[in-house]
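A short worksheet on the structure shown next.
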Amino acid sequence: MKKYIWCLVNKEQKIVIYCYEDGSRGRKVLRGIVKDREIKTF
């Protein structure tokens with residue numbers, strides 16, 4: 001079984017958050033973590 005960890009980075013405040021949500025990498029998980037905040041990808 002594959003496992004995935006989300007890594008959220010705020011470069012301005014120098015914060016990194018790692019999240020694990022039942023091994024899922026779907027966008028639904030990301031939306032649940034960040035709620036209504038803006039999402040940017042690089």
Taking trypsin sites (Lys or Arg not before Pro) as exposed when DSSP calls them loop (any state but H, G, I, E, B) and at most 14 other Cβ atoms lie within 10 Å, what is the longest stretch of the chain free of them, the sites themselves excluded?
15-24
Within the range 1-38, which chymotrypsin sites (Phe, Trp or Tyr not before Pro) sit in a loop by DSSP and count at most 14 neighbouring Cβ atoms inside 10 Å?
Y4, Y20
With only Lys, Arg, Asp and Glu charged, each at its Cβ (+1 for the first two, -1 for the last two), find how big the charge dipole of the chain is about the Cα centre; round to the nearest 20 debye.
140 debye
Which distance in nm do the two modelled labels at D36 and I5 give, with both placed 7 Å along the Cα-to-Cβ direction?
3.2 nm
On the Cα set of the chain, report Rg and Dmax in Å, please.
11.0, 35
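We did not get these values from a lab; they are worked out from the coordinates using the rules stated. Because the structure is a prediction, the values reported are computed rather than measured. Glycine also receives a Cβ, built like all others from the backbone with ideal geometry; neighbour counts cover every protein chain displayed.
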